[in-house]
Amino acid sequence: MKNIIKHITLILLLISVSACNTEYLDPNSTLEPDVVNSTDKLIELINGVQKRWSSDRSGAVYTYASISGLNAGELRLLNPGNLGEAEIDLGGNNVNGSNELLINIWTNIMLCRKEATTVIDAANLATDDAQLANSLKAYGLFYRALSHGTLIQYFEQLPLEIVENGTFSNRTLVLESAIADLTEAKGYIASGLATSVTSSVFDSVDLENSVNALLARFNLMNGSYLAAIDAANDVDLTVQSTWEFDASVPNPLAFWFGSQNVTQAKDLSFGLPSSLLPDSNDERIPFYVTAEDLSIANPDYQVVGFFLDNLDEIPVYLPGEMLLIKAEAYAREDDLTNAVIELNKVLTKTSTSDAFGLAANLPAYAGNLTKEAILEEIYKNRRVELYLTGLSLEDSRRFNRPGATSADAERNRDYYPYPNTERDNNTNTPDNPTS
């Protein structure tokens, strides 16, 4: 963590985003003494964290979609000269701590976590107004939880404290920390957020619904199934919460897919094995993937959906994820009746009934009414519904699909090596996973 902390330089840079006239601070250039004494600067810092998370090829959105997409067969590599992506695509021992994508996802998410913590810790120092301070903390807690809950999907352990030579915590502790942050944020939101804050941050992210969505996601990942159901029930599925872009800050996945030089859609399988291929009538297939001529032997598959145009907004979460979280949680609690009810909401959903127009529009589930069969169908639908959301690696592990060392492997690594940038500066960095 030492290098990451030293990254916070002594230059204060204010930049305006043309699309929304909102100012943000570049988290790499924060003069902390100036920031912590000003609520306006803390608001700008929140906007800076959001920009760092969602934009650029080094940001979280690009790196987690690319790493999981190449690992789990959602994407194909176009140019092996892109060494970072090429190593992730090969998987196994081809990936080490010097990999560019691993360094980027670790460094930039840790910077987001660091700046979110600055907001949390400074809020009460910057103002005597409790509502204003709590509003700032709500945003900081959301981004810190998002940081921890995202990184733990790729690495076995994380340091939770921002200190030199920080000790690493296991997956359970990291998820518990993220859930605690989100629970605290939810309390502040329930008490009412200050309009001076909500009117000044990027408003494409709906904080209340996003907090509940992450509570559902991380509780599911942590095996707290009833809590996951409760949180998912609190999400308004008619509301869009998105990462927003403009001409100066383009959608990073759309930009690089459009370059036709890095990655593209692999095929119409969504990385699923032959036994779990999506129904050919599934309307989510053309929503996400197309080709100029699908009838030829080897079509040139292209990603569309949320990743076609540089101005396309990328969802923070999808309504279908909440339904599938409930379906899975009910199934794991052996409530198969409710599991099928929630699963059918996804299978039969039409484009007009989904906030983003994403729908399978298929018949209701007619498979075996066993826990194993229902969970398999839920997994298949997660892989299609949540294409390129970065959740495919996590899902593959959680559903006990064949791992990286299996003869019929469905992923090429189970977890990733720790970046050398961390290992070289933190003597507590654990040994790398073997696969």
message: Condition first: assigned to a loop (DSSP other than H, G, I, E, B) and without any contact (Cβ under 8 Å) to a residue 60 or more places away in the chain. Now tell me which residues in the stretch 52-93 satisfy that.
response: S58, P80, G81
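Name every residue in the stretch 351-364 that is more than 18 Å from I374 (Cβ to Cβ), out of contact with any Asp or Glu (no Cβ under 8 Å at 6 or more places or on another chain) and open to solvent by 50 Å² or more (accessible area, probe 1.4 Å), in order of residue number. Steps first, please.
Quick first cut of the stretch 351-364, residues more than 18 Å from I374 (Cβ to Cβ) only: 351-359, 361.
From what's left, out of contact with any Asp or Glu (no Cβ under 8 Å at 6 or more places or on another chain): 352-357.
Hits for the stretch 351-364 are T352, S353.
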- request: Determine if the stretch 207-220 includes at least one residue that is buried (at least 19 other Cβ atoms within 10 Å of the Cβ), over 23 Å from E313 (Cβ atoms), at pLDDT 95 or above and in contact with an Asp or Glu (Cβ under 7 Å, 6 or more places away or on another chain).
  value: yes
message: Would you confirm, using the coordinates I've provided, whether N96 is over 29 Å from L268 (Cβ atoms), surrounded by fewer than 18 Cβ atoms within 10 Å (Cβ to Cβ) and in contact (Cβ under 8 Å) with a residue 24 or more places away in the chain?
response: yes
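Identify all residues within the stretch 343-362 that are of a type in the set (S, T, Y), touching a residue at least 12 places away in the same chain (Cβ under 8 Å) and over 29 Å from G223 (Cα atoms); write none if there are none. So that I can check it myself, show each step before the final result.
Let us first name the residues in the stretch 343-362 that are of a type in the set (S, T, Y), namely 348, 350-353.
Still in the list and also touching a residue at least 12 places away in the same chain (Cβ under 8 Å): 348, 351.
If the condition is that a residue be of a type in the set (S, T, Y), touching a residue at least 12 places away in the same chain (Cβ under 8 Å) and over 29 Å from G223 (Cα atoms), then S351 is the only one that fits.
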- request: Report the residue count in the stretch 421-435 for those that are under 23 Å from the mean Cα position of the chain (by Cα), not hydroxyl-bearing (S, T, Y) and not in a loop (DSSP other than H, G, I, E, B).
  value: 1
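How many residues does the stretch 84-115 contain that are out of contact with any Asp or Glu (no Cβ under 7 Å at 6 or more places or on another chain) and farther than 20 Å from Q157 by Cα?
Step one: of the stretch 84-115, the residues out of contact with any Asp or Glu (no Cβ under 7 Å at 6 or more places or on another chain) are 85-93, 96-98, 100, 102-105, 107-115.
Adding the requirement that they be farther than 20 Å from Q157 by Cα leaves 85-87, 89-90, 115.
Within the stretch 84-115, residues that are out of contact with any Asp or Glu (no Cβ under 7 Å at 6 or more places or on another chain) and farther than 20 Å from Q157 by Cα number 6.
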message: Among (1) farther than 17 Å from G69 by Cα; (2) under 23 Å from the mean Cα position of the chain (by Cα), there is one condition R382 misses while meeting the rest; what is its number?
response: (1)
- prompt: What do you reckon, is N108 of a type in the set (S, T, N, Q) and touching a Pro at 6+ places or on another chain (Cβ under 7 Å)?
  reply: no
Subset of the stretch 385-416 (residues that are surrounded by 20 or more Cβ atoms within 10 Å (Cβ to Cβ), within 19 Å of T107 (Cβ to Cβ) and not small (G, A, S)): Y416
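Can you report the number of residues in the stretch 276-290 which are out of contact with any helix residue (DSSP H, G or I) (no Cβ under 9 Å at 6 or more places or on another chain) and either hydroxyl-bearing (S, T, Y) or closer than 13 Å to V304 by Cα (or both)? So that I can check it myself, show each step before the final result.
We begin by selecting, within the stretch 276-290, every residue out of contact with any helix residue (DSSP H, G or I) (no Cβ under 9 Å at 6 or more places or on another chain); these are 280-281, 286, 290.
Subset that is either hydroxyl-bearing (S, T, Y) or closer than 13 Å to V304 by Cα (or both): 280, 286, 290.
Of the residues in that region, 3 qualify.
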message: Looking for something part of a loop (DSSP other than H, G, I, E, B) and touching a helix residue (DSSP H, G or I) at 6+ places or on another chain (Cβ under 6 Å) - is there at least one such residue anywhere in the stretch 125-133?
response: yes
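Please specify each residue of the stretch 362-410 satisfying the condition of being of a type in the set (A, V, I, L, M), assigned to a helix (DSSP H, G or I) and touching a helix residue (DSSP H, G or I) at 6+ places or on another chain (Cβ under 7 Å). Quick ask: steps written out before the conclusion?
Applying the first criterion (of a type in the set (A, V, I, L, M)) to the stretch 362-410 yields 362, 364, 366, 369, 373-375, 378, 384, 386, 388, 391, 393, 404, 407, 409.
From what's left, assigned to a helix (DSSP H, G or I): 373-375, 378, 384, 393.
Correct list: I374, L375, I378, V384, L393.
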Enumeration of residues in the stretch 189-214 that are among the hydrophobic types (A, V, I, L, M, F, W, C) and either touching a Cys at 6+ places or on another chain (Cβ under 7 Å) or closer than 15 Å to Y143 by Cα (or both): I189, V201, F202, V205, L207, V211, A213, L214
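Go through the stretch 257-286 and report how many residues are of a type in the set (F, W, Y) and over 22 Å from D246 (Cα atoms).
The number of residues fulfilling the criteria is 1.
Does T167 satisfy the condition of being over 27 Å from D230 (Cβ atoms), open to solvent by 20 Å² or more (accessible area, probe 1.4 Å) and among the hydroxyl-bearing types (S, T, Y)?
yes
The values are calculated or read from the model by the stated rules, or taken from the named source; none is laboratory data. Remember, it's a predicted structure, so these values are computed and weren't measured experimentally. FYI the Cβ positions are ideal-geometry reconstructions off the backbone, even for glycines, and counts take in every protein chain you see. Keep in mind that these areas ignore ligands, DNA and RNA; they rest on the heavy atoms of the full protein, side chains included. Shrake-Rupley method; radii C 1.70, N 1.55, O 1.52, S 1.80 Å.
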